[in-house]
Amino acid sequence: MSQKSEYIQTETGNKVSRKSLIIGSQNIILGGKTIIQADCCIRGDLRRLVPQGQNAAAVAIAVGRYCFLSKSCLLRPPSKTYRGQFSYYPMKLGDHVFVGEGSVVEAAVIGSYVNIGKNCVIGKFSIIKDCVRIEDGTVIAPNSVIPSFSSVEGHPGIVVEELPETAAEMLERELNHQ
Amino acid sequence: MSSFPYIHISCPCHEDRPQTLTIDSARPISPSKSPSKRDFNFSPIAPNSPTKGRSLLAGFTPSVSFDAGNLNLDSDDEEELTDEDDDNNFDPRDPRSAFSLFPIENLLYCEDCHQIRCPRCVQDEIVCWYCPSCLFEVPSSTVKSDGNRCTRNCYLCPVCTALLAVVPVHHSSGHSSSDHPTGPFNLFCSHCHWTTSDLTPPIQLEKPTSISAQLSKLTHSPRDNEFIRLKQHYAQQLGNAQEDFTNSPAALTRLMGLYTGLGSGSGGHGGSRKGRGVKKLEMKEVDRPREVSEDQELDIIERMAVEGLEASKCIVALATHGRKKADGYGKATTAKQRLAQPHDPRFLSDLTPTAVLLRTKRSKRCRACRHILVKPEAKVQTTRFRIRLVALNYIPSLTIKRLDSSITWDNLTPHKTHRFLLTVTNPLFDPISVSLLTPRRTPGTAFASRVTILCPEFDVGANTDVWDDALMSTKPASAVPSGVKTPPTTGSFTSFSKDPKMSTVYEQKRNYTSVVIEVVPPEIPDTRDTRIRDERLLEIPIYVRVEFEAEVDRDDEEGGGGKPSHSGASGGAVQRERVEYSYWCVVGVGRVGDVVEGVVASEPNTPVRTPVGTPVKAPRTPAAMRTPLRQVRS
C-alpha cells in the first residue's frame, strides 16, 4: 500500500518517489519508465548561464528510458569556468542506466546500458559510453572517458575487464533484478 | 570468486582430449557434400592422430553433444551417471575445471560445430585499434610504426593513472583571458593534482596541442635511443629470418632450438648450432650489454639514503609528536608506478606522463572450423555487431534463487535442508525437454553435500513472442514434445501447487520452468587459512541435457543430418529432427557456515533419494515460506 502512495507516476510511465528531491524540474527530461527512488537528488536548477534576454536551452539533465536511480543518489550537471565565466553544462543519460545507492554523478554523457554501483563518484565532464559496468565504490576522475564494453573499478577508476559481447543483455538483466 | 550464487557453464574444451578431434568427428564429411576446404583447414591445431578421431566417430551420437567427455551418454546411462560413477562426474574442484568454467554470458556458440566456445577456444582477430580516451581509430600501420599508445594528446597520470588535462601554468584570473589561453602549459591530473611541474626538471609545454611531439622532445632519454637501436637490430634480424619462419611446427621447433642453442653457447652466439642439418640461421643478439653509469647509480643510492633518513626522522616524529603523518619513503615510486614506465624511475620526481594504451575491437573465430562467431562493426563508437553468435541465444540458461529468503548465501547452515529454485530459461524457438542430473553427493571433496533435484525432467516452452502467450492459451499445447512425464505445458501460465512436491515443477511460464533443488551441506571445518582451496565453498555440478525437435537446416546441417536421428522425422514435408545436446554447469550455491546449535543432522528429514527416482514426500515448509517468488522477467 505504501508503495503505491510513495511513487508518482507520470504520463510516460516514470515513477518518481515523493521522497526524492527534484529541483528545477522544468529543466529535467525523463524519457519514460524511469524509476527515481527516495532521497534521490536531481539538480535541474544548475543549468547553463545565459546572458540576459536570451532564451536558455532549457535542458539541464536528460534521462533516457528504463533508467533506475537508487536511493540517495545525486545527479548534478558538471560545471567549470570557461573563459572567465563559471557555468554548468548539461548532463545526458542514455537508456537502461542504473545508478546505485549513494552515488554522485557529474558526468557529461552516460550512454545506454550503463550500470553504476553503490557509492561511486562519477567525476565532472566524464563520458561513459554504452555497455559499461562501474563497480561499487569506484571514483572516476574528472574528464575521463570510459569506452564501451568496460568494467571499471578502483580509485581512480581504471578498466579492469572487457565485458563480453552479451554486455547489453547482461547489464539490462542486472538492472531488472535490482 | 564472485558473489553467490553464480552459475558457470563448462566449455567442452576442458576435456583432456583436444577439442579439435571431437569436432572432427562431430562433423563427418557428409556424402552429399565434398570435403570442403575448412574440413582440413584446422590441421595446424589438430594433433596428428587421425585414427583417434575415427574411433571417436564410432561412439559419437548422431545428435549434437555439448560435452565431448560424455560421448556415449545415452539415456540408459543416466542412472549410472548419477550413481557413484565418479569418473563421469564433472568435478568443479578439479584444477583443470577452473579453466573451462565461464558464465554463460562469456560463451559463444559455433553454429557449424554445434559447440559451445569459450574465450579459450576462439581466435581473436583485430578489427581496429582505437584510443580508449579520445576514441579515435588508429590505423594498424601507425600501430606498427609508432607503437600501441595514443599519439594524440591522451596522457595518464604516472602517479594515479587518471587522465591528465592540459592547463595553463599561470592561471590568468578572470576577464583578462582572451580567446586563447597563453602558455606555458602543463599536464594536470584532476584526480591527485599531480602536475608536470612537480618533476625535477619541470616539464612545461608551449602549446596546448600536439603534446606527444612536445613531450617526446622533452623527455627523450638515452633509454629511448637504446630501444630504437635494439628495435632496428631485431627488425633486421627478423627480416633476414623471415623466410625461415613460416607458420609450420617444424619452424617453431627450429626457433625453440635456436634459442636453447644460444643459451648454451655462451660467448659465441649460436655457434654451436651448425651441425644439425638445419638451414643455417643465426639470430644474433645485440652484443652490447646495457651500460650502467656508475655516477648515476651512486646518485640514486645517495638519494635513497636521504629518503631513508627522512623516513626514520618521520618515524621519530611520529613517535614523539604522534600527529605528524609519517610518509616515510613518500618520494619513492611504488612498484606499480615503476613498472608502468619504461625507464624504471626510483623517485616520484622521475616519473613522466604515460601515453594511453590503445584498445582493440576484435572479431572472434572458432578455432576448429574457422567460422566467424563475433564480428563487431568497424566503427569505434558503435556497439553493434554484424555477427554475434553468443551461447545465450542457443543454450538454455540456468538461474538459481532462494526459496526461503532466510537463507544467506555465504553462510549456509550445516545439516539443514536448503531449498533453492532452479530456473531453466529457453532461448530457442522450439520447446525443449530438459533433464538435470547431478551427483547425489558433491564430488571432489571429503565433505560432500547432499543434493536432490526434486523434478529432474521437465519441459520448457518455446521462446515465442510475448503476444503468442495470449493466443496459445486458447489452443491446445501442440508444440510441446510428447513422451515426457511432466504435466502438459502450454505457453501460458500454468499454476502448479506451490508446494514443492516431488516430480512436479515449481513454476512454469512462457519460456522458463522452475524446479526445486534441495541441498544439505555437511559440517565442514574452515580451511581457508590453511589450504589453498576453500572446502566450505559449495559448488554443485549439474549435467543439463536438452532435447528438442528442430527444423533441419538445408544442406549445412552436417553434424546432425549425416544420419537420421532416432526419433525419426524422416521424410516429412517439414523436416523436423530430434536434436539432443548436453553440458555440465556448476552452480556456486554459497559457502557453508559454522554449525548452528539446534540444527541436528536432519537425516530423517531428507532421506537419500535417487535423483530420478520415486517420489518421496518432501518436508513441508511453513505456509509463509511457500509464497511464490516474485518473477522478474528481463
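The values are calculated or read from the model by the stated rules, or taken from the named source; none is laboratory data. Note that this is a predicted model, so its numbers are computed, not measured. With ideal geometry, Cβ positions are generated from the backbone for all residues, glycine too; neighbour counts draw on all protein chains shown. Note: areas computed on protein heavy atoms with side chains; ligands, DNA, RNA excluded. Shrake-Rupley method; radii C 1.70, N 1.55, O 1.52, S 1.80 Å.
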Amide H neighbours of A:ILE134 under 5 Å, at least 5 residues apart or on other chains, H built in the peptide plane: list them.
A:ASN115, A:ILE116, A:GLY117, A:VAL152
Find out how many positive minus negative residues lie around A:PRO90, taking Lys and Arg as positive, Asp and Glu as negative, among other residues whose Cβ is under 9 Å from that of A:PRO90.
+3
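In the structure shown, do any of A:LYS129/B:LYS207; A:LYS19/A:LYS129; B:LYS144/B:LYS361 have a Cα-Cα gap over 19 Å, and if so which? Don't skip to the end; give the middle numbers.
Working: A:LYS129/B:LYS207 29 Å; A:LYS19/A:LYS129 30 Å; B:LYS144/B:LYS361 16 Å.
Result: A:LYS129/B:LYS207; A:LYS19/A:LYS129 exceed 19 Å.
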How do B:TRP467, B:TRP584 rank by accessible surface area computed with a 1.4 Å probe, from largest to smallest?
B:TRP467, B:TRP584
Non-local amide H neighbours of B:ARG152 (under 5 Å, H modeled in plane, Pro and chain starts lacking H): which ones?
none
Would you grab the residues whose amide H sits under 5 Å from the one on B:ARG388? Only those 5+ places off in sequence or on another chain, please, with H modelled 1.01 Å from N.
B:LYS375
Among B:447-458, B:216-227, what's the highest-first ranking by average C-beta atoms within 10 angstrom per residue?
B:447-458, B:216-227
Can you bin chain A into rounded, prolate or oblate? Criterion: square roots of the alpha carbon gyration tensor eigenvalues sorted a ≥ b ≥ c, rounded for a/c under 1.5, prolate for a/b above b/c, oblate for the rest.
oblate
Counting Lys and Arg as +1 and Asp and Glu as -1, what is the net charge of the other residues whose Cβ lies under 11 Å from the Cβ of A:LYS71?
0
Between the modelled labels at A:GLU11 and B:SER405 (7 Å from Cα along Cα→Cβ) the distance in nm is 3.6 nm
In what order, largest first, do B:LYS416, B:LYS313 sit by accessible area if the probe radius is 1.4 Å?
B:LYS313, B:LYS416
Using helices alone, I'd like the mean residue ellipticity at 222 nm for chain A: each DSSP H run of four-plus residues gives -39500 (n - 2.57), total over residue count, nearest 500.
-2000 deg cm²/dmol
Counted charge near A:ALA60, where neighbours are those whose Cβ lies closer than 14 Å (Asp, Glu -1; Lys, Arg +1)
+3
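Find me the longest stretch of chain A that has none of the exposed trypsin sites (Lys or Arg not before Pro), where exposed means in a DSSP loop (not H, G, I, E or B) with at most 15 other Cβ atoms within 10 Å.
Values: sites that count: A:ARG18, A:LYS19, A:ARG83.
Longest run free of exposed loop sites: A:84-178.
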HN-Hα couplings for the range A:124-140 via Karplus (6.51, -1.76, 1.60; θ = phi - 60°), in whole Hz with x for Gly/Pro, come out as 4, 6, 6, 10, 10, 7, 5, 6, 10, 10, 10, 6, 4, x, 7, 10, 9
In nanometres, what is the gap between the two model label sites at B:ARG346 and B:ARG370, each 7 Å from Cα along Cα-to-Cβ?
5.5 nm
Using a 1.4 Å probe on the protein heavy atoms only, what accessible surface does B:SER197 show? Give it in Å² to the nearest 10.
40 Å²
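Ordering A:THR81, B:THR408, B:THR438 by accessible area with a probe of 1.4 Å, largest first, what comes out?
Numbers: A:THR81 90, B:THR408 70, B:THR438 5 Å².
I get A:THR81, B:THR408, B:THR438, largest accessible area first.
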Each residue of the range B:407-414 in order: what ³J(HN,Hα) in whole Hz does its phi give by Karplus 6.51 cos²θ - 1.76 cosθ + 1.60, θ = phi - 60°, with x for Gly and Pro?
6, 9, 4, 9, 8, 7, 8, x
